[in-house]
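Read through the structure below, which is laid out as structure tokens, and then see the notes.
The values are calculated or read from the model by the stated rules, or taken from the named source; none is laboratory data. Just so it is clear, the structure is predicted and the values come from calculations on it, not from any experiment. Cβ placement follows ideal geometry from the backbone for every residue including glycine, while neighbour counts extend to all protein chains displayed. Just so you know, the surface numbers come from the protein's heavy atoms only, side chains and all, with ligands and any DNA or RNA stripped out. Shrake-Rupley method; radii C 1.70, N 1.55, O 1.52, S 1.80 Å.
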Amino acid sequence: MVILGVNVDHIATVRQARKTFEPDPVMAATLAILGGADGITVHLREDRRHIQDRDLKILREVVPCELNLEMAATEEMINIALNIKPDMVTIVPEKRQELTTEGGLNVIELKDSLKEAIKKIKDAGIPVSLFINPERNDIECSKDIGADMVEIHTGYYSESRGDVQLKELERIKDAVAYSISLGLKTNAGHGLNYYNVKSIAAIKGLRGLYIGHSIIARAVLVGIEKAVREMKNLIKEAYINA
Ligand code: PXP
């Protein structure tokens, strides 16, 4: 069965909205693991809009399963990866203005710089995955420049409907089969939710699914009743004891 890596970035997004201590993505990560997550993913962005360096450091200490660091292939991030030593690094494209990672890496255009980054990270014993579109050329290039794994972008599939979505699903299936045939470990992610995950999870040979937003969004909703009840109980207790 495919493994599930849970991305806890948006727990940190809520915390950073108030620049306070809660909710802590480290606590969320340990609860996600108790819930069955096979790994935890965080994206340390250049602008530190959600995950902070402190989060990554503590996660490295407390995550007993796969810690996947998503990052841009910059010198700063490579140095952080070499220092923290996550279980794997996923290189993603990163633009300051984007709300989330918008597309796969342009591996062909960035071939030389990516090759150099992959070598540095792999030389430190850390496996490297590249986040790419479901394109055969990008898969071949990822293999050529030394990636151990690829993560196939499922965002276009997730955002589409009907026949277009079925076509996107076929593209992903073809990309996964091709990638596996080249000997790359093959993951998928982005935009997967409770309504569209099944068709992707059923693809034979996939190693991992990386899911964030939909899980955190559901956690907020399934947790709100309990959270309000706990606050009401505190207020009631204070009133009775006053
Ligand atoms: N995989 C990669 C490479 C990503 O950049 C993201 C978003 O941070 C995800 C998976 C998770 O996407 P989502 O939050 O839409 O589930």
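How many of the residues in region 77-121 are without any contact (Cβ under 8 Å) to a residue 24 or more places away in the chain and in a strand (DSSP E or B)?
0
If you scan region 9-42, which residues turn out to be within 16 Å of the ligand (Cβ to nearest atom) and either assigned to a helix (DSSP H, G or I) or aromatic (Phe, Trp, Tyr) (or both)?
Across region 9-42, the qualifying residues are ASP9, HIS10, ILE11, ALA12, THR13, VAL14, GLN16, PRO25, ALA28, ALA29, ALA32.
When you look at ARG161, is it away from the ligand (no atom under 12 Å from the Cβ) and open to solvent by 70 Å² or more (accessible area, probe 1.4 Å), yes or no?
Yes, satisfied.
How many of the residues in region 202-239 are assigned to a helix (DSSP H, G or I) and within 19 Å of THR90 (Cβ to Cβ)?
So the count comes out to 4.
Just to check your reading of the model, which residue among ARG45, ARG60, ARG49, ARG54 is open to solvent by less than 20 Å² (accessible area, probe 1.4 Å) and outside any strand (DSSP E or B)?
Going through ARG45, ARG60, ARG49, ARG54 in turn, just one is open to solvent by less than 20 Å² (accessible area, probe 1.4 Å) and outside any strand (DSSP E or B): ARG45.
Within region 92-142, track down each residue that is open to solvent by 90 Å² or more (accessible area, probe 1.4 Å), under 25 Å from ILE200 (Cα atoms) and at pLDDT 95 or above.
Hits for region 92-142 are ARG136, ASN137.
Kindly indicate the residue of region 185-223 that is of a type in the set (Ser, Thr, Tyr) and open to solvent by less than 60 Å² (accessible area, probe 1.4 Å) and also nearest to the ligand (Cβ to nearest atom) among those meeting that condition.
This residue is TYR210.
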